[in-house]
Amino acid sequence: ADPRLPNQAGRYQQRDRLQAEVDTLRARADRAWSRLRTAEQSINRVKGVLDLAPEEISDTLSTQSKHLMDSISMLRELVRMPEDTKGIQRNPNNLGGVLGSASNYIRQIDGQPTQMATLALDRARRETEAFIDKVNAFLEEDLMPFKQQVEEARLSMFGELGPVD
């Protein structure tokens, strides 16, 4: 673009519209991430009261909670680098990298979208939908049965608190 030409507002409307779409995708991924965090916190609360449960129930729920936490860790790695990663590292294959790449290509648009911006945005859409679908499947197929078992177990937070002899 020729910097001597007056700024043409229409040239940036397409870029702004596409960036708004990436922002919407990021917000949806953030909501799914938040649900995973809430699920993790709930599982940790259950694990905290398993010591007070009968051994049979405790063993079953403990095993299931470990599997659920492993699933949450795998889902998290689809979005971000593992927590124990040292230094600045980028992974272009996780969702954070895909959305960042789409934003970078879109910010370079001056008029019509480039082919790379279009491809990056299409990939961001696919990856975001795939992540959200996996989170929803985890919540419905894995977490809900665990939640029902916990509710049926009627775990008490208090243990034995009878009068002192």
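The values are calculated or read from the model by the stated rules, or taken from the named source; none is laboratory data. Since the structure is predicted, the reported quantities are computational estimates derived from the model, not experimental observations. Cβ placement follows ideal geometry from the backbone for every residue including glycine, while neighbour counts extend to all protein chains displayed.
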**Q.** Only one of Asp16, Asp70, Asp30 that is within 30 Å of Ser156 (Cα to Cα) and without any contact (Cβ under 8 Å) to a residue 60 or more places away in the chain
**A.** Asp70
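Each row is one residue, and each column tells you yes or no for (1) closer than 21 Å to Arg126 by Cβ; (2) small (Gly, Ala, Ser); (3) modelled with pLDDT of 80 or more.
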| site | (1), (2), (3) |
| --- | --- |
| Asp30 | yes, no, yes |
| Arg35 | yes, no, yes |
| Gly48 | no, yes, yes |
| Ile72 | no, no, yes |
| Met81 | yes, no, no |
Q) So Ser62 fits all but one of (1) at pLDDT below 80; (2) of a type in the set (Ser, Thr, Tyr); (3) over 28 Å from Ala124 (Cβ atoms); what number is the exception? A) (1)
Q. For residues in segment 17-44 being under 30 Å from Gln112 (Cβ atoms) and among the basic types (Lys, Arg), which is farthest from the chain's Cα centre (by Cα)?
A. Arg17
Q: Consider Ala53 carefully, then state whether it is at pLDDT below 90 and either acidic (Asp, Glu) or over 16 Å from the mean Cα position of the chain (by Cα) (or both).
A: yes
Q: Please report, ordered by residue number, the helices (runs of 4 or more DSSP H) entirely within segment 54-165 with at least 3 residues that are surrounded by 10 or more Cβ atoms within 10 Å (Cβ to Cβ) and either touching a strand residue (DSSP E or B) at 6+ places or on another chain (Cβ under 7 Å) or hydroxyl-bearing (Ser, Thr, Tyr) (or both).
A: 55-77, 95-107
